[in-house]
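What follows is one structure encoded as structure tokens, with my remarks underneath.
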Amino acid sequence: MTESTETSAETNGSSGDFLLQTKDLKMHFPIRAGVLQRTVGHVKAVDGVDLSVRRGETLGLVGESGCGKSTLARLILRLLEPTEGEVIFDGENILGYDRKRMLGVRRNMQIVFQDPYASLNPRMTVGNIVSEPLRTHDVGGDSSGDRKKRVQELLEVVGLSPEHYNRYPHEFSGGQRQRIGVARAIALNPRLIICDEPVSALDVSIQAQVINLLQDLQKEFDLTYVFIAHDLSVVKHISDRVAVMYLGKIVEIADRDALYDEPRHPYTASLLSAIPVPDPHKERERRRVVLSGDVPSPANPPQGCSFHTRCPRAQDYCTNHEPRLEPQGDKVGAEVGSGAEASGPTEGHRAACFFPVLEGQHIEESETSTPYRAE
Amino acid sequence: MLEVNNLKTHFRTQDGVVKAVDGVSFSLEAGETLGIVGESGSGKSVTALSIMQLNPKPPAEYPEGEIIFEDQNLLETSDKRMQEIRGNDIAMIFQDPMTSLNPVFTVGNQIREAIRIHQNLSKSEAQEKTIQVLRDVGIANPERVVKEYPHQFSGGMRQRAMIAMGLSCNPKVLIADEPTTALDVTIQAQILELMVDLQEKYGTAIIMITHDLGVVSQLADNVMVMYAGRAVEQATTDEVFYDPLMPYSWSLLRSLPRLDTAGEVRLLPIEGTPPSLIFLPDGCNFSPRCPFVKDECHEIDPDLEEKKPSHKAACILSVEEIEKNKRRVDEELGVET
């Protein structure tokens, strides 16, 4: 079974450069109330996400808590069944797959969870934890001896020692546990690994160990990462491209340097300005944009642009029109539309804003002269 | 104003004595902000709780040291006197606003309690003051909000309420223990801005405890870096960030992914994990993980000494040796200096 999916994926030319694509992916969780548990509304955790991940790249996904990052990760892995949309892995929509075919796909997509204290079963030995995927998928040799050897190799790859095979998770520190989680994720030689906040539970000095490990493994095994984090510095360090989420939608996506040097969406710009950098002189000189208020509830998102309630540039137009993710020119200036569109729908810099922050502009100076980009 | 001399806070446990704080000294002046940085388990929070006298005794004990606040040693004052100081002269904001507010009382009720204990105000005056402090910390509609319960608040609002409570009696010293760690960056920016404004308005001295070096560089005048229960470096913020003289502080800065540098620099992880506070390594506590280590480091336990005027660090290497090592490792990492 698994062999046939692999060959079909290789012969399938339509998948092109992309290992993973989502099309208009939506997850609306019903809110139930009353005695009859009638649905009274929906939490729009993920609300129409189009995303393409190239082979071998790291796509960073950032946003504040509650913006739908983790839900999106679970939808991609089909740990949650989306309300609408498509998840295309290697050219095929996996949402229609039955259990058996799904198992074959799961070999190629794995996840590293945020909390290394909760994601390892305390009653299983490290050997059992790491060999579980091998047993489930019946790979890594026939005898348990072969598998043990494979697991010990994996432990060495992630910087642990083979003697750790018979130990239990509680004997390890947070950083070491995260290494065990990584060993489990790479056990099946997957093509895609979704890292859901893999370092945010770790101390700063340990974060660097895990980040370096992930980077080394990517080179060695030719992995593709979707790297989810709320820490924009970590994402900048590890990603090739970065997508910013707000209230279940992607508001900006671009190559790493373009996004960090020339953020177009006011939300991205204010996120970047909110992060203190460890450099006292720069800190004293920085002009900071402090957003007022909290993130609105995804059960009742604002009309029009979902960011307009906190946006320093918002105009009347934003309150009743919803911006689409549209190409933005980088250092191209005037010919915004034509230049970027030619390079394909997922290429380049895209942002969902009617009044994007242009080069040299400060985000608070809302430029009324900026033309509406009509729908 | 506040002076901590050779503070030692030890916890007696079944496995042995945990030296959570082991000889920490610093002083704090009015209007100053001191940043205390360190990893989890380095003794930052226990230092704060020792000043507040909130460590449970037993198992906590203070074998040595003194904490002098306005000519009295807080380690020797009576519980009754301490209660007058706590919340009134020295206030503390805790890390997790979700768990540090009582869910069964209204927010107004909890802030009013602090005010009524320390200030001789009638109930209605205290209510007025409560509304005023809530307005001070930027909460909209304070008249309505005082009657609400913590679960009706968002994370940022809860932390504002905690700050309001901390500032309600105009304390001279405010200890903020990771006040923004549980919050999103946009909310963190709001809270930090608020703390700076309030400090300017009331002249409060702040002890800012955090593991986030960015927050420290934004707020602090002076920095104390802690490792395994000791202060390993003390200096002005600029000195610590631009010219760290303790290998630990330096490695910490090199281990951070940064927004302000180009992405291709490899991070320098600090190998291994922090030591157990019961079985500390021989010699320097940092020697098993130190990138600059030499043989003597495993034998000699360095004291915090003045390496440069008003720049203290605990390392047996000379300033020249440290600079040389920094250059060597930077070259290996490909960092341009």
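The values are calculated or read from the model by the stated rules, or taken from the named source; none is laboratory data. Computed from a predicted structure; not experimentally measured. Positions of Cβ are backbone-derived with ideal geometry, glycine not excepted, and every protein chain shown enters the neighbour counts.
Among the helices (runs of 4 or more DSSP H) confined to the stretch A:258-375, the ones with at least 2 residues that are modelled with pLDDT under 80 are located at A:336-342.
Annotation for the stretch A:111-124: at least one member residue is assigned to a strand (DSSP E or B), under 19 Å from A:ALA185 (Cβ atoms), out of contact with any Phe, Trp or Tyr (no Cβ under 6 Å at 6 or more places or on another chain) and not basic (Lys, Arg).
Condition (residue is under 18 Å from the mean Cα position of the chain (by Cα) and within 11 Å of chain A (Cβ to nearest Cβ)) applied to the stretch B:171-180: is it met by at least one residue? Yes. Say whether the condition of being assigned to a helix (DSSP H, G or I), closer than 24 Å to A:GLY56 by Cβ and either touching a helix residue (DSSP H, G or I) at 6+ places or on another chain (Cβ under 6 Å) or in contact (Cβ under 8 Å) with a residue 40 or more places away in the chain (or both) is met by at least one residue in the stretch A:135-148. Checked against the condition, which is being assigned to a helix (DSSP H, G or I), closer than 24 Å to A:GLY56 by Cβ and either touching a helix residue (DSSP H, G or I) at 6+ places or on another chain (Cβ under 6 Å) or in contact (Cβ under 8 Å) with a residue 40 or more places away in the chain (or both), the stretch A:135-148 yields no hits at all.
In this entry, B:ILE187 is excluded by the filter for residues that are more than 10 Å from chain A (Cβ to nearest Cβ) and of a type in the set (A, V, I, L, M, F, W, C). Scanning the stretch A:27-75 for residues that are within 15 Å of A:TYR246 (Cα to Cα) and in contact with a helix residue (DSSP H, G or I) (Cβ under 9 Å, 6 or more places away or on another chain) yields a count of 11.
List the helices (runs of 4 or more DSSP H) inside the stretch B:237-337, counting only whole elements, that have at least 3 residues being free of Cβ contacts under 8 Å to residues at least 12 places away in the same chain. Hits in the stretch B:237-337: B:319-333.
Of a type outside the set (Asp, Glu), touching a Gly at 6+ places or on another chain (Cβ under 7 Å), closer than 25 Å to B:ASN6 by Cα and surrounded by 12 or more Cβ atoms within 10 Å (Cβ to Cβ), is that true of B:ILE316? Spelling it out, it is not the case that B:ILE316 is of a type outside the set (Asp, Glu), touching a Gly at 6+ places or on another chain (Cβ under 7 Å), closer than 25 Å to B:ASN6 by Cα and surrounded by 12 or more Cβ atoms within 10 Å (Cβ to Cβ).
Going through A:VAL105, A:VAL87 one at a time, which residue ends up being crowded, with 19+ Cβ neighbours inside 10 Å, over 25 Å from A:LEU271 (Cα atoms) and touching a Phe, Trp or Tyr at 6+ places or on another chain (Cβ under 7 Å)?
Details: A:VAL87 fails: touching a Phe, Trp or Tyr at 6+ places or on another chain (Cβ under 7 Å).
Going through A:VAL105, A:VAL87 in turn, the sole match is A:VAL105.
Sub-9 Å Cβ pairs linking a first residue in the stretch B:209-231 that is more than 9 Å from every other protein chain (Cβ to nearest Cβ) and on the phi > 0 side of the Ramachandran plot to a second residue that is assigned to a helix (DSSP H, G or I) and among the hydrophobic types (A, V, I, L, M, F, W, C), at least 6 apart or interchain, are B:GLY229/B:VAL46, ordered by first then second residue.
Report, by residue number, each residue of the stretch A:226-275 that is among the aliphatic types (A, V, I, L, M), at the interface with chain B (Cβ under 8 Å from one of its Cβ atoms) and in contact (Cβ under 8 Å) with a residue 24 or more places away in the chain.
The answer is A:LEU232, A:VAL234, A:ILE238, A:LEU271, A:LEU272, A:ILE275.
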